[in-house]
Number of protein chains: 2
Amino acid sequence: MSNEVHMNRAAALALEKMLGGSGGPFGAVIVRGDEIVSEGWNQVTSTNDPTAHAEVTAIRQACAKLKTFQLADCDIFTNCEPCPMCLGAIYWARLKHIYYANTRVEAAEIGFDDDFIYKEIGLDPATRSIPAIRLVTAQSPIPFAEWVKKPDKVKY
Amino acid sequence: MSNEVHMNRAAALALEKMLGGSGGPFGAVIVRGDEIVSEGWNQVTSTNDPTAHAEVTAIRQACAKLKTFQLADCDIFTNCEPCPMCLGAIYWARLKHIYYANTRVEAAEIGFDDDFIYKEIGLDPATRSIPAIRLVTAQSPIPFAEWVKKPDKVKY
């Protein structure tokens with residue numbers, strides 16, 4: 001199947017699920033070669049899960065199906081440029097290519113924060129609109145030190 | 001309870017769950033006033049979910065418990081600076097403050113990609129190591145147009 005077919009499927013999911021009350025107008029499809037591995041759509045408001053974006057739900061489902069935490073031989077098609085959360089998820093899942101249609105600027109025009117969050121990420125953590133404050137305690141360095149020493153750790 | 005107590009709890013979760021084989025050495029606690037709303041820890045490798053970072057799991061659990069998709073009166077304590085995925089999730093959940101101990105640079109030193117992903121996010125989408133390719137199709141603009149017209153949409 002062509003890239004256009006996969007993108008139209010992502011858009012069709014976005015439309016159908018949004019009209020059904022699932023959440024925002026976002027759909028995604030994960031593809032390996034010619035096979036559709038998973039389909040995702042925005043479920044934020046219907047499931048009370050702010051992380052349930054189309055890309056994240058598609059990644060979770062693909063990993064569950066393939067019994068892996070990495071999707072290195074897969075591509076993702078999404079009807080909107082991934083927000084920073086979804087882009088991060090795509091990096092952790094090690095997808096190969098991202099195909100997107102609408103941009104973060106177009107998402108901002110219909111009321112979504114994607115572009116705003118992209119701008120915030122580049123700022124100094126302490127000066128963002130959600131300030132990140134460093135707080136080192138007696139116990140906070142221990143997990144990292146023990147990770148280094150763990151003989152049977154599963155890297156990701 | 002003091003901020004130090006919450007941070008030590010995040011670190012204790014990170015240590016306990018990592019030693020138990022759940023995933024990487026990361027824990028998080030979400031707090032509202034004096035109440036601990038939820039606790040999260042990394043579960044990437046044990047659940048085959050690359051999105052199951054400590055902050056994401058804590059946010060999902062807090063939202064499920066409070067039956068909301070926004071946590072505007074809550075703070076998050078995490079033993080490591082949130083990666084871009086988790087930072088995006090924190091923005092979508094509208095948390096108030098982030099308290100963190102180890103930095104993205106320290107995470108890189110023990111083998112995690114947080115700092116790398118922060119650098120990738122600032123690049124032009126087409127030139128990143130996971131290239132993002134724009135692909136507009138006949139149907140790709142429709143979901144956004146229909147969202148604008150939807151009379152009963154739930155914004156987030």
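What to note about this one:
- Residue match in region B:61-73 (condition: closer than 30 Å to A:A145 by Cα and of a type in the set (D, E, K, R)): no
- Qualifying strands (runs of 3 or more DSSP E) (wholly inside region B:23-122; at least 2 residues being of a type in the set (D, E, K, R), more than 8 Å from chain A (Cβ to nearest Cβ) and open to solvent by 10 Å² or more (accessible area, probe 1.4 Å)): B:35-41
- For region A:126-156, the tally of residues that are at the interface with another protein chain (Cβ under 7 Å from one of its Cβ atoms) and under 18 Å from B:I76 (Cβ atoms) stands at 11.
- Number of positions in region A:13-39 that are out of contact with any Gly (no Cβ under 7 Å at 6 or more places or on another chain) and of a type in the set (A, V, I, L, M, F, W, C): 8
The values are calculated or read from the model by the stated rules, or taken from the named source; none is laboratory data. Note that the coordinates shown come from a computational prediction; the quantities given were computed from them, not determined experimentally. Please note: Cβ atoms are built from the backbone with ideal geometry, for glycine as well, and neighbour counts cover all protein chains shown. These accessible areas exclude ligands, DNA and RNA; they are computed on the full protein's heavy atoms, side chains included. Shrake-Rupley method; radii C 1.70, N 1.55, O 1.52, S 1.80 Å.
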